[in-house]
Amino acid sequence: MTTLEHHDYDVIIIGAGGAGMRAAIEAKERGLRVALICKSLLGKAHTVMAEGGVAAAMGNVYEEDNWKVHFRDTMRGGKMLNHWRMAQLHAQESPDRVQELEKWGALFDRTKDGKILQRDFGGHRYARLAHVGDRTGLELIRTLQQKAVSLDIDVFMECKVVRLLTGDDGSVTGAVAYWRPTGEFVTFAAKAVVLATGGVGKSWKFTSNSWEGTGDGHAVALWAGAELIDMECVQFHPTGMVWPLSVRGILVTEGVRGDGGVLKNSEGERFMFNYIADMFKAETADSEAEADRWYDDHTAGRRPPELLPRDEVARSINSEVKAGRGSPHGGVFLDIASRRSAEVIRRRLPSMYHQFMELAGVDITQEAMEVGPTCHYIMGGVRVEPDNGATSVPGLFAAGEVSGGMHGSNRLGGNSLSDLLVFGRRAGMGAADFAEGRAGDVPKLEESLIRHYIDEALEPFTRDEGENPYDLQHDLQEMMQTNVGIIRTGPELDEALEKLEVLKERVNNISVKGGRAYNPGWNLATDLPAMLTVSTCVALGARERKESRGGQTREDFPKADPELGKINFVSRQPAGGGFNEEIKISPEPLPEMPDELKALLEEAPK
């Protein structure tokens, strides 16, 4: 085999968003040899799109806020499908992670007495999102990047991982990747690997995700023998841009609604009031008593219905559009102009002001925005141990959006940034512990396996004729939007799975022209197997979960099933397999929650 570029490390982190950088910082501070590998450029992770804030019960605006209330909000927002231990750790540790960011140089908006200011967000009982205007994700990335650079962590940018490598004992040994600018392959050997690769949204037609969100981490974990859970739970953010079409799906931060924006239909009606009375009784509760608690908690006098959990708001918007009361371009109107002064809007929401002015020619200080649901986040992901991010594959860890369990069936706004800080740190700790305890030198890699994965990636170049990868991507996105979108039915999901099998056959016939350097067609060809693997897991889970719960809405099963509320659906594949291997899905009971935490969920809101 031709000599390849090769690197040895104690820990490699795949993905350089908030979770990846926080994991890298933790492992590096333990004195280990650490590398960050990112598909794009350092600092350009999708974390920057999380604009509204970091959810943490610091009590700076409402003194009565605390981790117990945050835990309860997170569990209820996730419709009780969350891993209780992850929700507990997240609620308890988020304030420390925010203060740590501030110590490292993050600049947050302040209260009059100098504390970190916190804003309202959907599903949160109290205002608890620490923020920097509407650019919080950018500030978080800037701060973590500066910290990582100061620690002299090695960074491999524009480097795409195609496969994880495992040894005879099933433990992870490293990864095979290639440089996107040159097409040359590179291998990494490591004692431990952390996946922090983000989401899967590019499999849908309308999404807030950037081009990187193709589910690479979910797929390579599954192919290596790790388990995925609850992949059917996909969040459609209520407010993405709907016009012009070139920017459809780009996120409109929940901070607009947190700062007073309201949703109106084409008749000028603030329609969310029409939905709040029924939604909890019909869709989110396993009993009348639970329904009443949900209703009381989320519709307290000071909380507008626009700040209900995202799944509820997205479905309400979808219903208005289907009823013919949508905006001219197929969404609804988000109005903050009539609620706040121009000066306040420009100060509190500078990114949104410029985004609409530059991309849509809309001055949000004077007129309403057109918004609609957009595929935004996947709650499902790689199954991990809450305390250390360990997967079922020895030496493989995961954190951030690629991991599952923390958010249940629906994520509350702002919990993503605190999630990646809390569990990025914990995954870094877990990987460092594993690397320190792994006997001997960095594992040797199996050359025959490396050659096989390289040949697999290069196969599109061997065909003179075949499928165009862009045609395939288009057909996948159209099908997922239509059949596995915000509202699902059994027959549509059956059809989706049949079409996915056809798409897999077409992927095996992709043809790419030109050389490997700067070849976007080939880059897409290497993304498509992951996209199809993830899409199959989502469709399988959606078909098996015959209920409506959070990000999983079945029109033919409109209510939550109390028994399915106790179940994770787990996706598995033989270790060493690929996207052509059959994916098996099975129900498994949720971990049992301790009585003292159950009692917190029964407490009436104060």
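The values are calculated or read from the model by the stated rules, or taken from the named source; none is laboratory data. Bear in mind the structure is a predicted one, so any value in this text is a computation, not a measurement. Every residue, glycine among them, receives a Cβ derived from its backbone with ideal geometry; neighbour counts consider all protein chains shown. For accessibility, only protein heavy atoms count, side chains too; no ligands or nucleic acids. Shrake-Rupley method; radii C 1.70, N 1.55, O 1.52, S 1.80 Å.
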Sorted by packing (mean other beta-carbon atoms within 10 Å per residue), highest first, where do 262-273, 177-188, 39-50 land? 39-50, 177-188, 262-273
Compute the distance from the alpha-carbon center of region 392-407 to that of region 173-220, in whole Å. 14
For region 461-587, one quarter of the surface area of the C-alpha convex hull, expressed in nm², comes to 8.7
Gap separating the Cα centres of region 341-362 and region 246-275, nearest whole Å: 15
Figure the gain on full extension for I487 and D556 (residue separation times 0.36 nm, minus the Cα-Cα span) and round it to one decimal in nm. 23.9 nm
What is the packing order of peptides 339-346, 249-256, taking the mean over residues of other C-beta atoms within 10 Å and listing the highest first? 249-256, 339-346
Below 8 Å between Cα atoms, with a sequence gap of 6+, how large is the relative contact order for the chain in percent? 22
With Cα atoms, 0 to 90° folded angle of helix 490-507 axis to the chain main axis: 30
With the full set of protein chains in place, find how many percent of the accessible area of the chain is carbon and sulfur; take the probe as 1.4 Å. 50
FRET efficiency for T182 and H474, Cβ-Cβ distance as r, R0 = 30 Å, nearest 0.05? 0.65
Under 18 Å from a label point 7 Å along Cα→Cβ of D168: give me every residue in region 434-461 with its amide N that close. 439-450
Pop out the ³J(HN,Hα) list for region 202-208 in order, Karplus 6.51 cos²θ - 1.76 cosθ + 1.60 with θ = phi - 60°, rounded to Hz; leave Gly and Pro as x. 6, 7, 10, 5, 10, 8, 7
222 nm [θ] for the chain, helices only, -39500 (n - 2.57) per DSSP H run of 4+, per residue, to 500? -11000 deg cm²/dmol
Proportion of all alpha-carbon pairs of region 424-519 beyond 22 Å (%): 59
Cβ-derived FRET efficiency at R0 56 Å, T111 paired with L449, nearest 0.05: 0.50
Residue-span extension gain [S266 to E102] - 0.36 nm each, minus C-alpha spacing: 54.7 nm
Checking region 6-72 for GluC sites (Glu not before Pro) in a loop per DSSP with at most 12 other beta-carbon atoms within 10 Å yields E63, E64
On a 0 to 90 degree scale, rounded to 10, what angle separates helix 415-437 from the longest Cα axis of the chain? 30
For labels at R347 and L597 in the simple 7 Å Cα→Cβ model, what's the distance in nm? 4.1
Mind checking the alpha-carbon convex hull of the chain and giving the volume per residue in Å³? 141
How high is the FRET efficiency from D464 to Q146, r the C-beta distance, R0 56 Å, rounded to 0.05? 0.70
Using alpha-carbon positions, what is the distance between the centroids of region 86-165 and region 444-478, in Å? 36
Order by protection proxy (mean Cβ within 10 Å, highest first), peptides 516-529, 143-156: 516-529, 143-156
Once both axes come from the Cα atoms, what is the angle between helix 18-28 and the longest principal axis of the chain, in degrees from 0 to 90, rounded to 10? 50
With the 1.4 Å probe rolled over protein heavy atoms, region 461-587 has an accessible area per residue in Å² of 42
Can you tell me the length gained on complete extension of the stretch L41 to S338, counting 0.36 nm per residue apart and subtracting the Cα distance? 103.0 nm
